[in-house]
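Notes to accompany the following structure.
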Amino acid sequence: FSYSIAASDQAGGGVRYAVTPSIQMIADGSVVWYRRVGATTRERDGSGLVGVHWLHSRGWVQVNASRFSPGESPTLNSPLPDRAGQFAAGEFDLLKRLRVFGGWEAFRSNLDPSAALAAGSLVPLSNGQRQFAGVRAQVGGRSTLTLRVEAGDRMSKYVTGRQDIESDTGVWSADWQAAIGRMNGFLRVAERNNVTSASRAGSYEQRDVGGQFFLRLSTSAQVFGLATATHTTDEAGGGNTFWQAGGGSQLQV
């Protein structure tokens, strides 16, 4: 894999302040010194996050604003750690057995594309938004069903005049978690659709099914198993299927 940061050092601190028992504010900031791959000079900038968390007897809301330096996570090869944006999310109990949740994020990444290009790293300037929402219902006494929908987009603008790349991804998923007798189980079904202007192969449809269980045979013996299957089809006519299954047992001696 390729990465863009060769070394970095960071120093900072944070503070949490309780305005009221249900409202808390948090602030975290740091100074980062880093050197890009292929560069001989070290750059300096900062990272920071500020946020507000409101806790209610029936739910919560959190709002954050953040800015992360390229040297924040030097071990990652993704350009997204170098980013700035806003995020908001919350959950609320509509009924005793019914909870709704949702969130929104907007971001910009590769905040200094000219410096990255000078160091020989062709990392595009990107921006995008994502939203998610869902509902979680309690079924019976020991199981829950969750439905979740996510949508969003991203645009990458290359700094050397190459074609901009636009992508739009939508995801829906259904999760079932249950405790039946001595068994705990989990099942997920999901479908993802991605459309990109870069190529037909970049536009695809993906379906996932996965589950796992944990069964207690006695106070000292348990068995477990898991399985997952993924099928992907792209607009160019290609595709693949991946599956994996496993299991085992454990015994307390």
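Of note:
- The residues of region 44-64 that are farther than 25 Å from Gln10 by Cβ, part of a strand (DSSP E or B) and touching an Asp or Glu at 6+ places or on another chain (Cβ under 7 Å), listed by number, are Gly59, Trp60.
- Number of residues in region 115-157 that are open to solvent by less than 30 Å² (accessible area, probe 1.4 Å) and assigned to a helix (DSSP H, G or I): the value is 2.
- Pair list, Cβ under 6 Å, 6 or more apart: region 7-21 residue within 24 Å of Arg42 (Cβ to Cβ), other residue at pLDDT below 95 and of a type outside the set (Val, Ile, Thr): Ala7/Arg35; Ser8/Tyr34; Ser8/Gly71; Ser8/Pro74; Asp9/Trp33
- Restricting Gly185, Gly210, Gly181, Gly225 to those that are on the phi > 0 side of the Ramachandran plot and out of contact with any Pro (no Cβ under 6 Å at 6 or more places or on another chain) reduces the list to Gly181.
- Residue among Ser57, Ser126, Ser114 that is among the hydroxyl-bearing types (Ser, Thr, Tyr) and within 22 Å of the chain's Cα centre (by Cα): Ser126
- Scanning region 85-97 for residues that are over 18 Å from Leu55 (Cα atoms), touching a residue at least 24 places away in the same chain (Cβ under 8 Å) and open to solvent by less than 50 Å² (accessible area, probe 1.4 Å) gives no hits.
- Looking only at region 28-42, and only at residues there that are within 21 Å of Gly85 (Cβ to Cβ) and either open to solvent by 40 Å² or more (accessible area, probe 1.4 Å) or not aliphatic (A, V, I, L, M) (or both), the one that is modelled with the lowest pLDDT: Tyr34
- Looking only at region 1-25, and only at residues there that are assigned to a loop (DSSP other than H, G, I, E, B) and surrounded by 10 or more Cβ atoms within 10 Å (Cβ to Cβ), the one that is modelled with the highest pLDDT: Ser22
- When Leu55 is tested against the conditions (1) modelled with pLDDT of 95 or more; (2) open to solvent by 70 Å² or more (accessible area, probe 1.4 Å); (3) out of contact with any Ser or Thr (no Cβ under 6 Å at 6 or more places or on another chain), the lone failure is (3).
The values are calculated or read from the model by the stated rules, or taken from the named source; none is laboratory data. This is a predicted model, so every value here is computed, not measured. FYI the Cβ positions are ideal-geometry reconstructions off the backbone, even for glycines, and counts take in every protein chain you see. The area values use the complete protein model at the heavy-atom level, side chains included, leaving out ligands, DNA and RNA. Shrake-Rupley method; radii C 1.70, N 1.55, O 1.52, S 1.80 Å.
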